[in-house]
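J.: The structure under discussion is supplied below as structure tokens; questions concerning it will follow.
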Amino acid sequence: MRRLLDRKKDLTDEIIRRKIREAIDDPGSDIDADTVFERFDRLHAERMKAEGGGA
């Protein structure tokens, strides 16, 4: 079981490394941190409202 978990972790790590490399190599325009956080805040508020948690 331990070997299976280790293998799964290794595969997950490899997928993450590939995704990071894709993001770094992406020629698309960058998004500034303020825009990213504004989007996260809006998404969080929408989810809280949908769950009845207000916001």
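The values are calculated or read from the model by the stated rules, or taken from the named source; none is laboratory data. Bear in mind the structure is a predicted one, so any value in this text is a computation, not a measurement. Ligands, DNA and RNA are excluded from the accessible area calculation, which covers all protein heavy atoms including side chains. Shrake-Rupley method; radii C 1.70, N 1.55, O 1.52, S 1.80 Å.
J.: I'd like the carbon and sulfur percentage of the solvent accessible area for the chain, probe radius 1.4 Å, heavy atoms only, ligands and nucleic acids excluded.
T.: Heavy-atom surface of the chain belonging to carbon and sulfur, 1.4 Å probe: 55 percent.
J.: While we're here: Which value at 222 nm does the chain reach when only helices count, each DSSP H run of 4 or more adding -39,500 (n - 2.57), with the total divided by all residues and rounded to the nearest 500 deg cm²/dmol?
T.: -26500 deg cm²/dmol
J.: Roughly what angle does helix 2-25 make with the longest principal axis of the chain, taking Cα atoms, 0 to 90 degrees, to the nearest 10?
T.: In the chain, helix 2-25 runs at an angle near 60 degrees to the longest axis.
J.: Radius of gyration and Dmax for the chain's Cα atoms, expressed in Å?
T.: So, for the chain, Rg and Dmax equal 17.7, 45 Å respectively.
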